[in-house]
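Below is one structure; the comments refer to it alone.
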Amino acid sequence: MKLFNSILSASALAMFAAPAFAQQEVIWWDFLSGGDGVRMQKLIDGFNSEHPDIQITGTTLEWGVPFYTKARTSAAVGEGPDVMTYHLSRAPLGIEEGVLSPITDEDLANAGLSTSDFFPAAIDAATSDGTLYAVPFDIHALVLYYNKSMLEGTPYLDADGNLTGIESLDEMNTALQTLKDNGVQTPVTYQTGGDGGLWRVFYTLLSQQGGEFIVGGEVLPGDNADKAATAIATMKDWQERGFTPEQAEYEASVALFSSGESAFQLNGVWEVPTFTDAAANGTLGFDWGAVEIPPLMGQEATWADSHAFAIPNEGDDTISGEKRAAVMTVIGWMEKNAIGWADAGHIPAYLPVAESDEYKAMEPNATYASLANNAAFDPQSTLTGVASPTYDAALNIIGPAVHGYFEPEEAVQQIKDDLTAAMQ
Amino acid sequence: MNTRRLESAIVTGFTIIVALIWVFPLYWALVTSLRSENRVVSRPGLLPDEFNIGNYADALFNTQLLTWYVNSVGTAVIVTVVVILISMMCAYALSQINFPGRRLLYLVVLASFMIPSQALVVTQFILMDQFRLINTWGGIILPQLIVPVTIIVYKQFFDSVPREMREAAVLDGGGDYAILFKLFLPLNWGITTALAIVTFIGVWNAFFWPFLVITSEDMMTIPVGITQVNDAFGLAYARLMSVALLAALPVVLAYLIFQRRVTEAVMISSGVKG
Amino acid sequence: MAMIENRRKRNLTAMTLVAPFVIVFAVFFFYPTIRMVQLSFTNAPLIGAGEWVGLDNYIRLASDRLFKTSVWNNAYFILLTVAPTTMIALAIALMINRLKGGMQAFVMVLFFLPYVLPVSVVTQIWAWMLDFQYGVLQPVLAALTGKPVAVFKDPDWVMPVIAAITIWWTTGFNVLLFIAGLRNVPAELYEASALDGASQFQQFTRVTWPLIWPVTALVLTLQLILQLKIFDQIYLLSGGGPFNSSYVLLMQVYREAFQLNHGGYSSAIATVLFVLIAVVSVLQFQLLRIGRSRQ
């Protein structure tokens, strides 16, 4: 059979196989689209025009489970990219799956970088047992977007047109109820029908109570379970009172805000360019702002994650030598030009850019830059992160609970059961 | 007579209304695709009110749609030609030559018709990895070459070719290959194009296997490409609909032009119409 | 002697004629089938070797809730599609059959058009039509049920809606088969029964139905085989949700193998699916044969 296999594969290869790639072509995968995608494309074009000897060929795949499924499967069969974007929240899972190739000191030197150039929290999230597995690119978090035009005439705008007077859940609910009473269909929008949106809001509300999702390998131990139930109950209450949209897919959740139907939006900083661009084109039709999520549950905290660059581990096919140096050149260049990425709303993970005057002058980034201190990253666990069992739980348990299919306490118990089972 | 005419008018009218409702999704996709994104989410009416082809330009130039067309058409044509050829040869042998193992082979063909190869994707994928055919046309094509139903249909048609014609050809000194390609193929040209059309539509629409075996954007086929590479962020309904319609356009056009032929093909290849 | 020589030569020719198919079949169907069964007794990842674990995977299947949901949903989907699409196709064919000439061709095109669309185009159009916030069909659903329905997020709606979309997509094919069948019914039979004073309904039950039974049986068989392998529409529309309530076997095979890297366990599920399809096909084949011989 072996001989037969190889004869067949040889002839099949001769007939159909794709042509070999040029030596210094860097195959790049990301999951960045919309405003993010446009800015990343600009960076890639910028790199390509400055480097005639290295050319990036980019592919954008669908965010979330589809991306990470493809990345893992392709790496396993030696068909992965040379470099890919990766969520640091998922790094522990990626390391366990053996998908990430360690970034050595030599690699960093090739990129002209060192670990001390980055926010320590981001480097920590990318490190396991003293080995670095990814190069952090940004920190991005959940923020509160608001429609200034809709809030005009309410007590929630100060003289400069900035959001004011929402410092607790009660105040938030009063504001939402007032809007609802004034005929606003959906006062606050977020992705109520998808894993990402549900998890981000839930994790923010949990962290604002000082709750922790995983402690010492146990899911929601002790009173963390009660805090999780409170977080879900809050989201459920918003749903029952008609404050949030029912089962909104990601796009619909954004459209509700951009079409002026929602006064508030709970979403990541990455949508900043969508509204900046629309306002610049004159198609938005209202003034808007974005602030750090107010301490609704008592403490200041907001869900955060990082995009990072990673090199897939493909066994014998893992890139090395000149190709690897070229990839590190790409990564180094991206970090040093991260101001173009900050334009997409993100906080650069690379300190020389994050601390530059140019960055400090950017709006609305500067308004919410404070959140870097209150960022609540996902626990370092193989259970959490984008496209992880926890995201499944957000979609399959938190979502239905928010929409009234389960009680919050039941949902918490089910999360604990499911994730504990997944640990084995 | 009058009530009959009235009745027939009612039936005609009713049928046309149902047919129009049936294609409403396509109409709505078209209307959406011609609107600006902002208009789309402003809860507009059912009638077209904007004629914005920017979405189409965007779809054509900012996605790899053209590359995916090439991959889809290329792989679908190769699969179709190879399937037709190997099925015809196999069916001819099954129908005309009494070779050892003939009954067994036919049983295998019948059985594999009942069991879709979708159940085998995991091991087929592993096999493709061993052949290093992930992300190649070969990877898309090879497992799709098994279409036992074409053998079954061909065999039925070959069985009904009059014995005398074949015997005459044998007396003329023709070998089996000559008989197949010079006698049986021309005699069964109708069923051949019919099977080719039906096979082509099937392969063109295949999603699951190409979705598994292709990971790089420039090797994707149309059905896979438009789902894997999309705008997950920001507003994109109109754009999504333009991409979807452009993706469907070539085969829809081909169908509209050759609709008589396609209708015939479906009827003949299923054996309902001889 | 010459006869034997001749015979041997013809056998050889036959071998070369069937060889391409047999080779393709052996390599891409038979060999993967054997490998699948082998793998199902191991704990192998998707790519790479595993250890023999005996029946462990099958034992695990017995208590896997998702597996039970998937088996049930495969059956449910068949129930929701096979007979309905056959009836709808027949009804449409009967309507079209009464039209004449160009009008008939035109209406036939409208019904067949969805069938030539790639599945992902179909799902994207319907996902947009049924979008909870902006879908054009939501007012219709609201009128019928009192409020808009997030159909792909509601465990009661998700399977019927995906079935309805599938019927919309594929019915055109079956309509053509029925029209071909109806054209085979000799006009004299209708005239004769009309002379006997048969009503239209009687004409249908006495003349049309018995004569198109073979086509009906064909449509049922093709549909059953087609719908057992449901994956695309569910993956693209609901992803198996909400809370896994629309999972089917092929989705679970995909999830275990490609998302969770459990090649062995996924092969066990695939083996069960394989056997299930074989059994159902044979059963249906026999049933229809009995049905046909009774006619």
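The values are calculated or read from the model by the stated rules, or taken from the named source; none is laboratory data. None of these values were measured; they are calculated from a predicted model. As a convention, Cβ positions derive from the backbone with ideal geometry for all residues, glycine included, and neighbour counts pool all protein chains shown.
Of note:
- Considering the conditions (1) within 27 Å of A:Trp29 (Cβ to Cβ); (2) surrounded by fewer than 24 Cβ atoms within 10 Å (Cβ to Cβ), B:Val213 is excluded by exactly one of them, (2).
- Of the helices (runs of 4 or more DSSP H) lying entirely inside region C:185-255, those containing at least 1 residues that are in contact with a Phe, Trp or Tyr (Cβ under 7 Å, 6 or more places away or on another chain) and modelled with pLDDT of 90 or more are C:209-228, C:232-237, C:249-254.
- Residue selection: A:Ser149 satisfies the criterion of being farther than 30 Å from A:Gln24 by Cβ, in contact (Cβ under 8 Å) with a residue 12 or more places away in the chain and part of a helix (DSSP H, G or I).
- Boolean, C:Lys68 is free of Cβ contacts under 8 Å to residues at least 40 places away in the same chain, under 26 Å from C:Ser281 (Cα atoms) and surrounded by fewer than 22 Cβ atoms within 10 Å (Cβ to Cβ): yes
- For C:Tyr115, the conditions (1) touching a residue at least 12 places away in the same chain (Cβ under 8 Å); (2) surrounded by fewer than 18 Cβ atoms within 10 Å (Cβ to Cβ); (3) away from chain A (no Cβ under 14 Å) are fulfilled apart from (2).
- Conditions (1) surrounded by fewer than 15 Cβ atoms within 10 Å (Cβ to Cβ); (2) within 27 Å of B:Phe99 (Cα to Cα): number failed by C:Val27: (1)
- Applying the criterion of being among the aliphatic types (A, V, I, L, M) and without any contact (Cβ under 8 Å) to a residue 40 or more places away in the chain to the residues of region B:27-57, the residue that is surrounded by the fewest Cβ atoms within 10 Å (Cβ to Cβ) is B:Leu47.
- Selection count, region A:114-145, where residues are surrounded by fewer than 20 Cβ atoms within 10 Å (Cβ to Cβ) and in a loop (DSSP other than H, G, I, E, B): 3
- Looking across A:Ala91, A:Ala109, A:Ala75, A:Ala125, one residue alone is small (Gly, Ala, Ser) and within 14 Å of chain B (Cβ to nearest Cβ). It is A:Ala75.
- In region C:118-129, residue nearest to B:Trp204 (Cα to Cα) [restricted to those that are within 23 Å of the chain's Cα centre (by Cα) and not small (Gly, Ala, Ser)]: C:Pro118
- Those helices (runs of 4 or more DSSP H) of region B:174-274 in which 3 or more residues are among the charged types (D, E, K, R) and away from chain A (no Cβ under 14 Å) occupy B:259-269.
- Residues in region A:36-71 that are among the basic types (Lys, Arg) and surrounded by fewer than 23 Cβ atoms within 10 Å (Cβ to Cβ) were compared, and the one that is modelled with the lowest pLDDT is A:Arg39.
- Scanning region C:165-182 for residues that are out of contact with any Leu (no Cβ under 8 Å at 6 or more places or on another chain) and small (Gly, Ala, Ser) yields a total of 1.
- Criterion violated by B:Phe113 - all others in (1) among the aromatic types (Phe, Trp, Tyr); (2) buried (at least 21 other Cβ atoms within 10 Å of the Cβ); (3) closer than 30 Å to C:His262 by Cα satisfied: (2)
- Among residues of region A:359-381, those that are under 20 Å from A:Ile95 (Cβ atoms) and buried (at least 19 other Cβ atoms within 10 Å of the Cβ), counted: 3
- Selection status of C:Pro214, in contact with a Lys or Arg (Cβ under 6 Å, 6 or more places away or on another chain) and of a type outside the set (Lys, Arg): no
- Scan of region C:183-232 for residues that are within 14 Å of another protein chain (Cβ to nearest Cβ), among the polar types (S, T, N, Q) and either within 16 Å of C:Ala93 (Cα to Cα) or surrounded by fewer than 14 Cβ atoms within 10 Å (Cβ to Cβ) (or both), ordered by number: C:Asn184, C:Ser199, C:Gln200, C:Thr216
- Looking only at region A:310-358, and only at residues there that are touching a Lys or Arg at 6+ places or on another chain (Cβ under 8 Å), of a type in the set (A, V, I, L, M) and at pLDDT 90 or above, the one that is surrounded by the most Cβ atoms within 10 Å (Cβ to Cβ): A:Ile311
- Entirely in region A:203-283, the helices (runs of 4 or more DSSP H) that have 2 or more residues that are more than 14 Å from chain C (Cβ to nearest Cβ): A:224-240, A:272-281
Quick grid of which residues meet (1) more than 20 Å from the chain's Cα centre (by Cα); (2) under 15 Å from A:Asn313 (Cβ atoms):
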residue: A:Gly78; (1), (2): yes, yes
residue: A:Ala91; (1), (2): no, yes
residue: A:Thr104; (1), (2): yes, yes
residue: A:Asn110; (1), (2): yes, no
residue: A:Asp117; (1), (2): yes, no
residue: A:Pro120; (1), (2): no, no
residue: A:Ala134; (1), (2): no, yes
residue: A:Asp138; (1), (2): no, no
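- Residue under evaluation B:Ser117, criteria (1) under 15 Å from B:Val83 (Cβ atoms); (2) within 15 Å of the chain's Cα centre (by Cα), criterion not met: (2)
- The set of residues in region C:141-169 being within 11 Å of chain A (Cβ to nearest Cβ), part of a helix (DSSP H, G or I) and not charged (D, E, K, R) consists of C:Val151, C:Phe152.
- Helices (runs of 4 or more DSSP H) lying entirely in region B:57-152 (those with 1 or more residues that are within 11 Å of chain A (Cβ to nearest Cβ)): B:65-96, B:121-130, B:137-141
- Residue check, C:Leu226 at negative phi and either of a type in the set (Val, Ile, Thr) or in contact with a helix residue (DSSP H, G or I) (Cβ under 6 Å, 6 or more places away or on another chain) (or both): no
- If you go through region B:165-186 and keep only what is at pLDDT 85 or above and surrounded by fewer than 17 Cβ atoms within 10 Å (Cβ to Cβ), you end up with B:Gly175, B:Tyr177, B:Ala178, B:Phe181, B:Lys182, B:Leu185, B:Pro186.
- Some residue of region C:11-28 being in a helix (DSSP H, G or I), in contact (Cβ under 8 Å) with a residue 12 or more places away in the chain and under 33 Å from the mean Cα position of the chain (by Cα): no
- Note on region C:161-182: among residues that are hydrophobic (A, V, I, L, M, F, W, C) and farther than 22 Å from B:Gly271 by Cβ, the one that is surrounded by the most Cβ atoms within 10 Å (Cβ to Cβ) is C:Ile162.
- Residues in region A:49-88 that are small (Gly, Ala, Ser), in contact with a strand residue (DSSP E or B) (Cβ under 6 Å, 6 or more places away or on another chain) and not in a helix (DSSP H, G or I): A:Gly58, A:Gly80.
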